[in-house]
Amino acid sequence: MERWLKRGVDQAETAAVDAKVRETVERILDDVSSRGDLAVRELSVRFDGWDRDDYRLSAAEIEACVGGITRRDLEDIAFAQEQVRTFARHQRQAIHDVEVETLPGVVLGHRNIPVGSAGCYVPGGKYPLLASAHMSVITAKVAGVPRVVTCAPPHRGAPAAAIVAAQHLAGADEIYCLGGVQAVAAMALGTPSIAPVDMLVGPGNAFVAEAKRQLFGRVGIDLLAGPTETLVIADDSSDAEICATDLLGQAEHGPDSPAILLTSSDALARGTIAEVERLLEVLPTAPIARQAWDRHGAVCVADDDAEMVRIADRIASEHVQVMTRDPDYFLEHLRNYGALFLGPRTNVAYGDKVIGTNHTLPTRRAARYTGGLWVGKFLKTCTYQRVLTDAAAARIGGYCSRLCALEGFVGHAEQANLRVRRYGGRDVPYGGVVEPDGPTG
């Protein structure tokens, strides 16, 4: 039976915070919708202290950002981008168009068509998260999206050079130095200076995630990717130092980032709690990580691997790191997670920054019904059909006529009846039903 040694804040408190976020985002979206660029500029000044006539970066500004990055940093960015691009290409190659003759003379198929444009949000308020540029822009471009727009907030009063360089090297077509809900709203709704996009992608804070939720329908979205979550699953083959390090490594994202240890070892659970406290005394980002751990950190002790699977699937965390004797057991049995990190040699930071899988992942239990951002998110799978012979048209038409009549759709039935008359040579009265050729069972 599961035992919780530490829990995060209760759902009632979370719901109250969510309500305030929802109301704030609604007001901002309405403002941008009605006042366009003027609202965007006022919001940028208000939230980021960032004011300029045109938030799109010029070619000269982009070149200056790239030129301001050291050779080593550029090489590291290039390495990370190549890993992301390589895996994205393999994903794209696994997606095939389909065409099959399902009955004599009946051909069905589908094509995988890229969306026309994508808006990629790259967070950068507390940290310049250039990795999000790799994950969104490269993946969109490998999918074949012709227009990719990026927005990232200023960092310390200027465009974040590393983010701009990453956006540019990844292949972004338009780069804007604009952050928060106002950036997401501008890309989705469009303004006189920013043409609207068809789809929004990328992680962000609770406000950005809520903006995407409210905009869904007017544009497509990848998923609801809010504050970072991590779940470490470990047994007594692991140790407290590695568990605590990996929990705090994600807790430093922000004060609203859950970090949970799920273990079958009571000793490891208590040791990890103690080790977290020790590390918080020396971690430079402890002011943020401490808030996340105190408010959203949790530790649960389970009886065995099977119970840990059940609990983990209920939590449905964004990141799930497995450090047990048999990590493949969890690969085989877990169903609800954004990304899985198997064994102590890998960790969430690898996935966040460099290893090649995408770090834009479902949060808030959305892993129950969706995976993370990948090439397929930018593709529309669109079906088509052909009927090649008169006999096939008449055959399908007979079934269609009777099924439409069963539902009461006379006009639908007449579409089928017309084909039966024209291609099957049968005398079917207008609004009638095509009778079977032979006896039915």
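The values are calculated or read from the model by the stated rules, or taken from the named source; none is laboratory data. Computed from a prediction, not measured in an experiment: that's the story for all the values here. Cβ coordinates were reconstructed from backbone atoms using ideal geometry, including for glycine residues, and neighbour counts include every protein chain displayed. In case anyone asks, the SASA skips ligands and DNA or RNA and just uses the protein heavy atoms, side chains included. Shrake-Rupley method; radii C 1.70, N 1.55, O 1.52, S 1.80 Å.
Residues that are more than 30 Å from Gly297 (Cβ to Cβ) and of a type in the set (Lys, Arg) within the stretch 8-66 comprise Arg27, Arg35, Arg41, Arg46, Arg52, Arg56, listed in sequence order.
For the stretch 299-315, check the following and say yes or no: at least one residue is within 26 Å of Tyr127 (Cα to Cα) and open to solvent by less than 50 Å² (accessible area, probe 1.4 Å). No, the stretch 299-315 has no match at all. Please work out which residue is least open to solvent (accessible area, probe 1.4 Å), limiting yourself to the stretch 99-117 and to residues that are more than 22 Å from Lys141 (Cα to Cα), of a type in the set (Val, Ile, Thr) and under 35 Å from the mean Cα position of the chain (by Cα). Residue satisfying both the conditions and the ranking: Val107. Among the residues of the stretch 202-230, those that are within 17 Å of Ser117 (Cα to Cα) and in contact with a Leu (Cβ under 6 Å, 6 or more places away or on another chain) comprise Lys212, Val219, Ile221, Asp222.
Name the single residue that is modelled with the lowest pLDDT among those in the stretch 36-51 being surrounded by 14 or more Cβ atoms within 10 Å (Cβ to Cβ) and charged (D, E, K, R). Before the answer, list the steps.
In the first step, residues of the stretch 36-51 are kept if they are surrounded by 14 or more Cβ atoms within 10 Å (Cβ to Cβ); the result is 36-37, 39-44, 47-48, 50.
Those left that are additionally charged (D, E, K, R): 37, 41-42, 48.
Values: Asp37: 97, Arg41: 97, Glu42: 97, Asp48: 93.
Result: Asp48.
The set of residues in the stretch 370-383 that are open to solvent by less than 70 Å² (accessible area, probe 1.4 Å) and under 29 Å from Glu99 (Cβ atoms) comprises Thr370, Gly371, Leu373, Val375, Gly376, Lys377, Phe378, Leu379, Cys382. Search the stretch 230-247 for residues being open to solvent by less than 10 Å² (accessible area, probe 1.4 Å) and closer than 30 Å to Cys120 by Cα, and hand back the single one that is nearest to the chain's Cα centre (by Cα). Taking the candidates together, the pick is Thr230.
Among the residues of the stretch 72-84, is there at least one that is among the β-branched types (Val, Ile, Thr) and more than 30 Å from Gln385 (Cβ to Cβ)?
So the first thing to find is which residues in the stretch 72-84 are among the β-branched types (Val, Ile, Thr), and the list is 77, 84.
Add one more test, that the residue is more than 30 Å from Gln385 (Cβ to Cβ), and what stays is 77, 84.
Scanning the stretch 72-84 turns up at least one residue that is among the β-branched types (Val, Ile, Thr) and more than 30 Å from Gln385 (Cβ to Cβ).
Checking each residue of the stretch 68-75 against the condition of being touching a residue at least 24 places away in the same chain (Cβ under 8 Å), of a type outside the set (Gly, Ala, Ser) and not in a helix (DSSP H, G or I) gives at least one match.
What number of residues within the stretch 20-30 are without any contact (Cβ under 8 Å) to a residue 24 or more places away in the chain and open to solvent by less than 90 Å² (accessible area, probe 1.4 Å)?
Initially, the stretch 20-30 is screened for residues without any contact (Cβ under 8 Å) to a residue 24 or more places away in the chain, giving 20, 23, 27, 30.
Filter again for open to solvent by less than 90 Å² (accessible area, probe 1.4 Å), leaving none.
Counting residues in the stretch 20-30 that are without any contact (Cβ under 8 Å) to a residue 24 or more places away in the chain and open to solvent by less than 90 Å² (accessible area, probe 1.4 Å) gives 0.
When Phe330 is tested against (1) open to solvent by less than 40 Å² (accessible area, probe 1.4 Å); (2) within 18 Å of the chain's Cα centre (by Cα), exactly one condition is not met: (2). Return a yes/no flag: does the stretch 9-17 have any residue that is in contact with a Pro (Cβ under 8 Å, 6 or more places away or on another chain) and open to solvent by 50 Å² or more (accessible area, probe 1.4 Å). The answer is no, given that none of the residues of the stretch 9-17 is in contact with a Pro (Cβ under 8 Å, 6 or more places away or on another chain) and open to solvent by 50 Å² or more (accessible area, probe 1.4 Å).
How many residues does the stretch 253-273 hold that are in a loop (DSSP other than H, G, I, E, B) and either surrounded by fewer than 24 Cβ atoms within 10 Å (Cβ to Cβ) or among the small types (Gly, Ala, Ser) (or both)?
Our first condition is that a residue be in a loop (DSSP other than H, G, I, E, B); within the stretch 253-273, this holds for 253-258, 264-265.
Of the ones still in play, those that are also either surrounded by fewer than 24 Cβ atoms within 10 Å (Cβ to Cβ) or among the small types (Gly, Ala, Ser) (or both) are 254-257, 264-265.
Adding up the residues that qualify gives 6.
Ala367 meets all of the listed conditions (1) open to solvent by 40 Å² or more (accessible area, probe 1.4 Å); (2) touching a residue at least 40 places away in the same chain (Cβ under 8 Å); (3) touching a Phe, Trp or Tyr at 6+ places or on another chain (Cβ under 6 Å) but one, namely (1).
When you scan the stretch 67-87, do you find a residue that is touching a Cys at 6+ places or on another chain (Cβ under 9 Å) and under 30 Å from Tyr350 (Cβ atoms), even just one? Lay out the reasoning, then the answer.
Our first condition is that a residue be touching a Cys at 6+ places or on another chain (Cβ under 9 Å); within the stretch 67-87, this holds for none.
Among the residues of the stretch 67-87, not one is touching a Cys at 6+ places or on another chain (Cβ under 9 Å) and under 30 Å from Tyr350 (Cβ atoms), which makes the answer no.
Once the stretch 118-142 is narrowed to residues that are of a type in the set (A, V, I, L, M) and either in a loop (DSSP other than H, G, I, E, B) or open to solvent by 10 Å² or more (accessible area, probe 1.4 Å) (or both), the residue that is farthest from Gly356 (Cα to Cα) is Val122.
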